[in-house]
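Written below as structure tokens is the structure these notes are about.
Here, each number is a calculation from the coordinates, and none is a lab measurement. Everything numeric in this text was worked out from a predicted model, so none of it was measured.
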Amino acid sequence: MHIRSGTKDDAEHIAELHTRSWLTAYAGIMPASYLKGPLLDERKAMWSTRLATVASEPDHTRCLLVAADGNALLGFAYLAVGTDGRILLDNLHVQPERKQSGIGSQLMYHVFGWASEQHPGKTVHLEVLRDNAAAITFYRRLGGHPTKEFMERFPAGFELPVVEYTWGPDVVRILADNRSTADRLVS
Ligand SMILES: CC(C)(COP(=O)(O)OP(=O)(O)OC[C@H]1O[C@@H](n2cnc3c(N)ncnc32)[C@H](O)[C@@H]1OP(=O)(O)O)[C@@H](O)C(=O)NCCC(=O)NCCS
């Protein structure tokens with residue numbers, strides 16, 4: 001397994017993984033009627049738009065990281081610098097059948113690596129559904145701190161409680177150092 005930068009050629013596989021991950025992780029959290037909808041088509045459109053220009057020009061404001069084993073996509077993380085200067089980890093997903101084998105941790109170490117190299121001194125934050133207990137356990141184990149809780153209104157019309165987790169610049173730098181050993185932990 002290795003971590004590499006994603007390109008527009010990854011868009012279709014990322015959309016599929018993203019959809020499968022939502023259907024698995026958010027069953028019982030998001031309305032079933034919504035999860036039965038056109039999630040895959042929406043994500044295909046979203047990722048083809050998002051990745052149309054990624055890697056075709058130097059861009060220090062956003063980053064797609066892909067965990068791969070040969071041609072197989074095992075997971076991905078997408079992050080971007082917000083208007084407030086903080087770094088938002090917008091998406092993090094691992095193939096459902098490969099969860100809890102260290103892939104998510106490795107992606108996070110590379111997220112922290114990109115943040116500390118491209119934007120030293122900045123915090124990293126994300127928003128997670130309050131009922132996504134597995135992800136919250138994962139983020140807390142990685143040293144994330146809850147910094148805000150609020151109701152988020154989704155474009156489909158429903159609302160769910162969301163928690164913001166944050167990593168300060170010192171922690172970001174320390175966790176980035178786990179990258180080199182992390183890649184050797186999972187085969
Ligand atoms: C959350 C997610 C990215 C974590 O990735 P992962 O590869 O499964 O996590 P790791 O194997 O690196 O786990 C590291 C640690 O996190 C904790 N953890 C991870 N998944 C857990 C779970 N389901 N239950 C409890 N603890 C969990 C464990 O402490 C684990 O350490 P251990 O294996 O030594 O016990 C992944 O499970 C996922 O894709 N979930 C569905 C999508 C999602 O919720 N994404 C986040 C949206 S905000």
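Rounded, prolate or oblate: pick one for segment 2-182, where a ≥ b ≥ c are the square roots of the eigenvalues of its C-alpha gyration tensor, a/c under 1.5 means rounded, and failing that, prolate if a/b is larger than b/c, else oblate. Before the final figure, lay out each step's value.
Numbers: a/c = 1.42, a/b = 1.15, b/c = 1.23.
Rounded shape, in that the Cα axes give a/c under 1.5.
Straight-line reach only, C-alpha to C-alpha below 18 angstrom: list the aspartates and glutamates that residue 148 could link to, leaving out same-chain residues fewer than 8 apart.
Result set, ordered by chain and number: 84, 90, 127, 131, 159, 164.
Can you show me the helix-derived [θ] at 222 nm for the chain, built from DSSP H runs with n ≥ 4 at -39,500 (n - 2.57) apiece and divided by the number of residues, rounded to the nearest 500.
Taken over the chain, the calculation gives -11000 deg cm²/dmol.
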